[in-house]
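The values are calculated or read from the model by the stated rules, or taken from the named source; none is laboratory data. These figures come from a predicted structure and were not determined experimentally. Because the Cβ atoms are built from the backbone with ideal geometry, glycine has one as well, and the counts that use them run over all protein chains shown. Accessible surface areas use protein heavy atoms only, side chains included; no ligands, DNA or RNA. Shrake-Rupley method; radii C 1.70, N 1.55, O 1.52, S 1.80 Å.
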Amino acid sequence: MRPRARTFLFGSLGALALGVGALVACVSGFDPQSKVDSVRLFGVRADKPYAKPGDDVNLEVLMTDARKVKARPLKLYWIPVVCVNPRDDLYYLCFAPPTDGGPNFIPAGPLADAGLEGGVDAGGFSGAALDNIPTGIDLGPFLPQGTTFSFHMPPNAVQPRQGIDPYGIAIVFNIACAGQVRLAARDPSGGPQQVPVLCTDEDGNKLPPSDYVIGISRVYAYDTRTNANPVIEKMTKDGVDVDQAAGITVDTCKAEKRADCNEIKIDVRVPDDAWEVNPAEVGVTRHEQIWVDYYSDIGEFDSDARLLFDTTKGRVSESETKYRAPADPVDGTLWAVVHDNRGGAAFYVTSIHVR
């Protein structure tokens, strides 16, 4: 059974509250997150996870198309307005009217190039900015495409916050869609958590979850705080460095029971200096939490995610995951995404050859 939800949140959303137990938890009846057999967005990396007001921020997406049947080509589209400081940092309020906490927007991509910056508060316009775009038409030809996107953090993005240091937040939406991108009218009875962006066929019929993913990226703004992305020095197989260009070669698993298959140990190495102090912790010295998520289109992992650095204890000594190969010879791909709990990310991609 495939997961029903096809909306993925990137950046710090949720990470601050997740321990490694929650990270690796799997709901019974669902495929593990590491199994890749559809359109997938693995992560979005900002070159400045904590930006300063006025910075240019560059986003990069790691994605793939692992569908067995590709009736339509996959493309990544960006919604070219950036949602700034929605009430309570709730991403779905980016599509709400101003009376319901709708935020300010800044134009980005071609809209910014057209000279539309300036205006209301955060550098753009307020309210549900997409309300003026017709629903039911293919927006693909008008949207920025590709795995990278840039925007300008507004000079006045940082706002006072009750009981904590001032900060700002910019939210960017994209959609990996093997079809046409359309806006949908908000359903008055559908509740507030609506992202009215659809992936459809040529007749406007919504495509199945295997054909699209909506990405929601958060970038925080601070006047003084900084955060660097973690760095992946290398990957290892059974303790030996992997040649990223050559990939990993493993034997097929012919055992009748998968549990009897030979396992290899996969790990990633992140340097000690990537484990930054987290200045949000007042009165104590705590660092970031750093973990890695694994994905592959062949074989299986015993753990989808592994903790690399604890907030107080530092490097975790046994951070490897175990991988079992499929029964037949095949070539595939392994993706690893390293996160810190302040929105930083790093990507590693290599091939797997089962012989």
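Only residues that are within 18 Å of LEU207 (Cβ to Cβ) and among the β-branched types (Val, Ile, Thr) were counted across segment 166-181, and they come to 2.
Tallying residues that are closer than 12 Å to ASN341 by Cα, buried (at least 19 other Cβ atoms within 10 Å of the Cβ) and in contact (Cβ under 8 Å) with a residue 60 or more places away in the chain within segment 256-287 yields 1. Looking only at segment 188-202, count every residue that is at pLDDT 95 or above and open to solvent by 50 Å² or more (accessible area, probe 1.4 Å) and tell me the total. Residues in segment 188-202 being at pLDDT 95 or above and open to solvent by 50 Å² or more (accessible area, probe 1.4 Å): 1 in total.
Look at THR312 and say whether it is out of contact with any Lys or Arg (no Cβ under 9 Å at 6 or more places or on another chain), open to solvent by 70 Å² or more (accessible area, probe 1.4 Å), part of a loop (DSSP other than H, G, I, E, B) and under 30 Å from THR224 (Cβ atoms). So THR312 fails the test.
Can ASP273 be described as acidic (Asp, Glu), closer than 19 Å to ASN227 by Cα and modelled with pLDDT of 90 or more? Considered against the rule, which asks whether it is acidic (Asp, Glu), closer than 19 Å to ASN227 by Cα and modelled with pLDDT of 90 or more, ASP273 comes out as yes.
With respect to the stated conditions, TYR295 is within 26 Å of ILE171 (Cβ to Cβ), surrounded by 20 or more Cβ atoms within 10 Å (Cβ to Cβ) and among the aromatic types (Phe, Trp, Tyr). All conditions in (1) within 25 Å of LEU90 (Cα to Cα); (2) in a loop (DSSP other than H, G, I, E, B); (3) open to solvent by 20 Å² or more (accessible area, probe 1.4 Å) hold for ALA245, with the sole exception of (1). I'd like to check something: does segment 139-157 contain any residue that is in a loop (DSSP other than H, G, I, E, B), more than 29 Å from ASP55 (Cα to Cα) and at pLDDT 95 or above? No: segment 139-157 contains no residue that is in a loop (DSSP other than H, G, I, E, B), more than 29 Å from ASP55 (Cα to Cα) and at pLDDT 95 or above.
In the condition set (1) farther than 19 Å from ARG45 by Cα; (2) within 24 Å of the chain's Cα centre (by Cα), VAL242 is compliant with all but (2). Could you check, for segment 330-346, whether at least one of its residues is open to solvent by less than 30 Å² (accessible area, probe 1.4 Å), farther than 15 Å from VAL242 by Cα, of a type in the set (Val, Ile, Thr) and touching a residue at least 60 places away in the same chain (Cβ under 8 Å)? Yes, the conditions are met somewhere in segment 330-346.
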